[in-house]
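What follows is one structure encoded as structure tokens, with my remarks underneath.
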Amino acid sequence: MRTVTLTRTETSDEGTFGHLVTDSGLCLRSGELPWRDNEPGHSSIPVGTYRVVWAQSPTRGWCYHVIKVPGRIDIEIHAANFCGDRVLGYKSELEGCICLGMFVGTMNGQKAVLQSRKAFRLFETDLDEQPFDLLVEERY
């Protein structure tokens, strides 16, 4: 079974950002919602290890799904740029999912992951639609 590590390195109301590294050495940037006590639709997922499978999404087509997240469903890894707290007025394209980018920077005045579609294609190619274990850790 392959392993992917997501290391969160910074968080604010604009989002939670880090690095995602595959066991083959591919290193991408990650974006997630800020931690909001695992509240569905408003929070990143808890630190832990999760199985991830290639499956069809009702809204995004085929993508990776993080399964058996306590108290959560429909957690996906997909292309997106913004991951801020909508309740506080920040832009977000996530509802608890994980987005990937080549870089973290600023877009329309808000911190965001950049070149997300390119990063997601590289990720899909590297993992070849195979299941993997995702280790989520924090190093703030």
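The values are calculated or read from the model by the stated rules, or taken from the named source; none is laboratory data. Since we're looking at a predicted model, the values are computed, not measured. Because the Cβ atoms are built from the backbone with ideal geometry, glycine has one as well, and the counts that use them run over all protein chains shown.
Assorted remarks:
- Residue check for Ile67: surrounded by fewer than 12 Cβ atoms within 10 Å (Cβ to Cβ) and in contact (Cβ under 8 Å) with a residue 12 or more places away in the chain: no
- Scanning the stretch 117-130 for residues that are buried (at least 16 other Cβ atoms within 10 Å of the Cβ) and either over 24 Å from Pro34 (Cα atoms) or free of Cβ contacts under 8 Å to residues at least 60 places away in the same chain (or both) yields Phe120, Leu122, Glu124, Asp126, Leu127.
- Residue pairs whose Cβ atoms lie under 6 Å apart, separated by 6 or more positions or on different chains, with the first residue in the stretch 13-29 and closer than 17 Å to Arg121 by Cα and the second surrounded by 15 or more Cβ atoms within 10 Å (Cβ to Cβ) and among the small types (Gly, Ala, Ser), are Leu20/Ser30; Leu28/Ala119; Arg29/Gly101.
- Leading residue by the ranking (nearest to the chain's Cα centre (by Cα)) among those in the stretch 13-43 that are more than 22 Å from Arg72 (Cβ to Cβ) and among the hydroxyl-bearing types (Ser, Thr, Tyr): Thr22
- Within the stretch 50-75, the residues that satisfy the criterion of being modelled with pLDDT of 95 or more, under 13 Å from the mean Cα position of the chain (by Cα) and not aromatic (Phe, Trp, Tyr) are Val52, His65, Val66, Ile75.
- Some residue of the stretch 52-65 being in a loop (DSSP other than H, G, I, E, B) and in contact with a helix residue (DSSP H, G or I) (Cβ under 8 Å, 6 or more places away or on another chain): no
- Residues located in the stretch 83-116, provided they are part of a loop (DSSP other than H, G, I, E, B) and in contact (Cβ under 8 Å) with a residue 40 or more places away in the chain: Gly84, Asp85, Tyr90, Leu94, Glu95, Gly96, Cys97, Met102
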